[in-house]
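A short write-up of the structure that comes next.
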Amino acid sequence: MPICDIVLNHMAGGSGGDYKTYTYPDHHKFEKSTTDFHPSTLGHNDELAPYHHNWNFGAPEHHPLDVAFLARNMRSGFKQWGSWLVTDVLYGGFRFDLSEGVEPWLIWEWMSYPAQRGRFAFMEYWDGADGKQMQEWLNLTGKRAAIYDSNLRANYLKPMCNSNGAFDMRKLAPTNCFLGLEPEHTVVFIDNHDTWREGDTNKLGITSNKPLAYAYAFHSQGLPMVFYHDYYEKPYLSNSTAVAFGEPLTNKINRLIRIRKVAVAGNLEVLYSDTNLYIQLRLGNWQKSASILVLNDNSSETLSHSVETPWANTKIVDLVSGTAEVTTEANGSAYLGALPRGYRIYAPTNILQQVEE
């Protein structure tokens, strides 16, 4: 499904004095004037005051950046534009860039418009705290769109991948971030164009072992998102020059996608965690099998631990590799582990055939 990355906060284009001109060809299709941008007599976006008429966004095009959505013609024009994106261009959903730069009720209005109603959408919202501010914003938008869990990526997934075994895996419990508060409205991302930018040493993204993060994302209760460069091109940037390198993660990600389709569903329970090892259970549902994720952050040792599984006297196998078969005890317990800086996802052996079909 193609997703359109849209910007409602500000408008770009033009140069010099063009920002004062609204008589371009077909301007009548979306009428606007200088009063339709901040600073405006209509008032300001008080939900996020720092973004009022902030010239840092979009410079040096010299245009009025901050749209005044209290102007009815602006709200109407943007919603009709969204309808055109769906019905004519055939986009299936939306990503709202800098969502905290507009009033939250605008997201509700946009997603309530007939053509947009019921479409998948998610918001870019940068919050390094514990996710409660993101939850408040989600509620203000009427939960019409999911949100990137920027806190999960920045404070947990990125350090886990980049620390070469020094990360404390106990921190991965979803309760520490927005994912634990609103799993159905959380987009779990590994990198995107704002965190990973070739040639920019300030935006190196996750620089090693991204498959660990993808395994966590695809086994989570959130919505996993795949970064284009990870899937199709070179996934990593060098620390000194920000030059891309590495083989694409296509096969690893495809395997995780297939596993998620047949064996990742239901409630989540953390079965065990210590500084090096993290083990979680997804209980499954009437359509999908239960499964257990094991993440090992140790840089040199294969680690395992005894956990209680939902299967008694059952042969289970790592769905990722198709190996590492284990038989559970009568009470369901089993020792489950993973290779150094690696991951496994265990489920009954009959599920393996569904993954490989």
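The values are calculated or read from the model by the stated rules, or taken from the named source; none is laboratory data. On a predicted model such as this, the values are computed, not experimentally measured, just so you know. A quick note on method: Cβ atoms are made from the backbone with ideal geometry, for glycine too, and the neighbour counts reach across all protein chains shown.
Within region 90-110, is there a residue that is crowded, with 17+ Cβ neighbours inside 10 Å, part of a strand (DSSP E or B), at negative phi and modelled with pLDDT under 85? No, every residue in region 90-110 fails to be crowded, with 17+ Cβ neighbours inside 10 Å, part of a strand (DSSP E or B), at negative phi and modelled with pLDDT under 85. If the condition is being buried (at least 17 other Cβ atoms within 10 Å of the Cβ) and out of contact with any Pro (no Cβ under 7 Å at 6 or more places or on another chain), then region 141-154 contributes ARG144, ALA145, ALA146, ILE147, TYR148, ASP149, SER150, ASN151, LEU152, ARG153. Quick check, is LEU212 farther than 22 Å from ASN164 by Cβ, in contact with a Leu (Cβ under 7 Å, 6 or more places away or on another chain) and part of a helix (DSSP H, G or I)? No. Taken as a whole, the condition of being touching an Asp or Glu at 6+ places or on another chain (Cβ under 9 Å), without any contact (Cβ under 8 Å) to a residue 60 or more places away in the chain and farther than 18 Å from ASN155 by Cβ applies to HIS193.
Going through (1) closer than 22 Å to GLY165 by Cβ; (2) in contact (Cβ under 8 Å) with a residue 24 or more places away in the chain one by one, PHE245 falls short only on (2).
Regarding MET134, is this residue at pLDDT below 90 and under 17 Å from LEU152 (Cα atoms)? Yes. When residues in region 342-357 are screened for being surrounded by 21 or more Cβ atoms within 10 Å (Cβ to Cβ) and farther than 17 Å from PHE218 by Cβ, 0 of them pass. Residues in region 331-357 that are closer than 25 Å to SER208 by Cβ and among the small types (Gly, Ala, Ser): GLY337, ALA338, GLY342. Remark: pairs (first residue in region 197-209, closer than 13 Å to LYS234 by Cβ and assigned by TED's automatic domain parsing to the domain that holds LEU295; second residue surrounded by 13 or more Cβ atoms within 10 Å (Cβ to Cβ) and at pLDDT 95 or above; Cβ separation under 6 Å; 6+ apart in sequence or on different chains) are absent. Contact map, region 1-30: first residue closer than 23 Å to LEU98 by Cβ, second residue in a helix (DSSP H, G or I) and at pLDDT 70 or above, Cβ cut-off under 6 Å, separation 6 or more or different chains; pairs are CYS4/LEU85; ASN9/GLY101; PHE30/GLY77. Considering region 239-351, the qualifying strands (runs of 3 or more DSSP E), each wholly inside and each with 3 or more residues that are of a type outside the set (A, V, I, L, M), run over 268-273, 277-282, 303-308, 333-338, 342-348.
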